[in-house]
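Peer 1: Sharing a structure, written as structure tokens. Questions coming.
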């Protein structure tokens with residue numbers, strides 16, 4: 001670690017770091033990938049670079065290019081491949097930061113790419129942020145400086161061993177590591193670093209605390225904490241545990257367009273599943289945050305939507321609801337899941353190969369379903385074939401997406 005730190009310091013403070021990064025970026029744009037020519041040109045143009053520094057440079061270039069493609073960072077930011085993959089999208093970071101508006105001093109744990117750091121800095125007078133990866137620590141400072149952020153104090157080291165007694169923080173934001181040294185995800189509460197117990201203990205002096213956790217792990221929470229499942233585009237990106245005096249309800253949050261739905265985790269809902277499917281009914285597919293949070297039943301219950309099956313997340317209703325947390329389909333036909341029955345309907349509708357095949361709680365993959373179907377070759381029409389369970393039976397539903405009105 002000491003030798004690597006020396007190499008990184010030399011790269012950032014002795015060598016022309018940005019010039020080298022720009023040089024390599026241009027080469028990779030030219031060749032599309034890292035080729036022997038790229039490496040040879042790098043060594044020839046900057047002969048003082050060591051093998052370790054070369055590996056770091058190439059990782060930063062590839063990570064930064066990937067991060068830009070994913071739209072996660074401002075133009076000109078430098079990140080490693082790990083940061084490009086794991087970093088929070090900036091629009092989600094803005095949501096995090098908005099919760100801290102008016103707080104005088106915030107403590108952030110695990111700086112990462114500094115997306116959350118910058119969002120906090122826009123809402124808080126002073127931010128103290130800790131990062132124990134030295135390369136990420138330096139990149140975060142450089143990225144923040146590029147956009148004129150000057151109210152952040154960067155700290156390198158392990159927060160659990162740091163003396164923070166002189167930091168009068170009243171807000172806490174933490175995005176603890178949930179991966180091992182090889183980058184593999186950990187799927188237990190015990191896999192967090194720093195531990196959730198440590199983070200919760202820090203929160204006791206705060207007006208507001210937020211801890212980003214994995215939505216695939218169940219986290220027992222104390223009184224005063226709420227769950228916030230955050231969705232962006234089609235995915236459930238994260239779960240946040242919030243503690244704030246004016247928050248008392250768990251919620252689901254969609255970032256764009258911004259909408260929230262509040263739920264009662266203790267409310268018992270009996271799932272209504274006995275319904276006769278008919279043409280013209282509306283089929284509802286829940287957003288991933290409803291599925292991840294296990295709140296589909298409560299959401300459907302509030303709207304009077306009936307679940308297709310106890311094993312299915314699809315809902316059905318005679319009424320049309322225009323909602324951000326569901327995708328709506330209009331049912332055209334329903335048949336038992338048998339290839340001959342499906343083929344008859346496809347032939348009747350003259351749907352072509354652009355027909356979308358979806359499945360939920362179903363034993364076959366879309367490609368397995370498609371291989372036994374012959375689509376029209378001279379038609380411009382297509383629709384959606386939804387394979388799921390209805391009243392315990394495998395069912396094929398033919399539908400069209402309903403655009404927002």
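Peer 1: Report the extension gain between residue 30 and residue 158 in nm, rounded to one decimal, defined as 0.36 nm multiplied by the number of residues separating them, less their alpha carbon distance.
Peer 2: Length difference between fully extended and current span is 42.1 nm.
Peer 1: Ranked highest first by the average count of other Cβ atoms within 10 Å around their residues, in what order do 374-383, 90-99 fall?
Peer 2: Most protected by this proxy first, the peptides run 90-99, 374-383.
Peer 1: Taking the mean number of other Cβ atoms within 10 Å as a proxy for protection, how do you rank 299-312, 328-341 from highest to lowest?
Peer 2: Highest to lowest by the protection proxy: 299-312, 328-341.
Peer 1: Ranking request for peptides 104-111, 161-168, 237-244, 44-51: highest mean number of other beta-carbon atoms within 10 Å first, then the rest in descending order.
Peer 2: Going by the mean number of other Cβ atoms within 10 Å, highest first, we get 104-111, 237-244, 44-51, 161-168.
Peer 1: How many angstrom lie between the Cα centre of region 78-144 and the Cα centre of region 273-293?
Peer 2: Cα centroid of region 78-144 versus Cα centroid of region 273-293: 38 Å apart.
Peer 1: Separate question: Could you work out how much longer the chain between residue 91 and residue 322 gets when fully extended? Use 0.36 nm per residue separation minus the Cα distance between them, nm to one decimal.
Peer 2: Using 0.36 nm per residue and subtracting the Cα-Cα distance, I get 80.8 nm.
Peer 1: Output the 0 to 90 degree angle, nearest 10, between the alpha-carbon long axis of helix 51-70 and the longest principal axis computed from the alpha carbons of the chain.
Peer 2: It is inclined by approximately 40 degrees.
Peer 1: Where does the chain land at 222 nm, in deg cm²/dmol rounded to the nearest 500, when only DSSP H runs of n ≥ 4 count, each adding -39500 (n - 2.57), divided by all residues?
Peer 2: Helices in the chain give a 222 nm mean residue ellipticity of -9500 deg cm²/dmol.
Peer 1: Also: What percent does the relative contact order of the chain come to when contacts are Cα pairs within less than 8 Å and at least six residues apart? Mind dumping the intermediate values first?
Peer 2: On the way: 713 pairs, mean separation 32.7, N = 405.
Normalised by residue count, the contact order of the chain is 8 percent.
Peer 1: Given (1) 137; (2) 182; (3) 204, which label gives volume of the Cα convex hull per residue in Å³ as computed from the coordinates?
Peer 2: (2)
Peer 1: Please give the residues of region 381-405, grouped as numeric ranges, whose backbone N is less than 19 Å from a label point set 7 Å along the Cα-to-Cβ vector of residue 356.
Peer 2: Answer for this model: 381-389, 396-405.
Peer 1: Can you pull the one-decimal nm distance between simple spin-label points at residue 374 and residue 43, each 7 Å off the Cα toward Cβ?
Peer 2: If labels sit at residue 374 and residue 43, their model points lie 6.0 nm apart.
Peer 1: Suppose R0 equals 56 Å; then what is the FRET efficiency for residue 50 and residue 291 from their Cβ-Cβ distance, rounded to the nearest 0.05? Spell out each step's value before the answer.
Peer 2: Working: r = 48 Å, r/R0 = 0.86.
Once rounded, the FRET efficiency stands at 0.70.
Peer 1: Can you tell me the FRET efficiency between residue 330 and residue 19 if r is taken as the Cβ-Cβ distance and R0 is 45 Å, rounded to the nearest 0.05?
Peer 2: That gives a FRET efficiency of 0.20.
Peer 1: So how tilted is helix 134-146 from the main axis of the chain? Cα-based, degrees 0 to 90, rounded to 10.
Peer 2: Taking Cα atoms only, the helix is inclined about 90 degrees.
Peer 1: Report the full-extension gain for the segment residue 197 to residue 262: residue separation times 0.36 nm, less the Cα-Cα distance, to one decimal in nm.
Peer 2: 20.8 nm
Peer 1: Helix 2-13 against the longest principal axis of the chain: what's the angle in degrees, Cα atoms only, rounded to the nearest 10?
Peer 2: 90 degrees
Peer 1: Note down the relative contact order for region 85-263 as a percent, whole number, built from C-alpha pairs under 8 angstrom at least six residues apart.
Peer 2: Relative contact order, region 85-263: 16 percent.
Peer 1: On to the next question. FRET efficiency for residue 311 and residue 205, Cβ-Cβ distance as r, R0 = 60 Å, nearest 0.05?
Peer 2: Rounded to the nearest 0.05, the efficiency is 0.85.
Read-outs throughout are calculated quantities, based only on the coordinates presented, and are distinct from any laboratory measurement. Because the structure is predicted, anything quoted here is derived from the model rather than measured. Cβ coordinates were reconstructed from backbone atoms using ideal geometry, including for glycine residues, and neighbour counts include every protein chain displayed.
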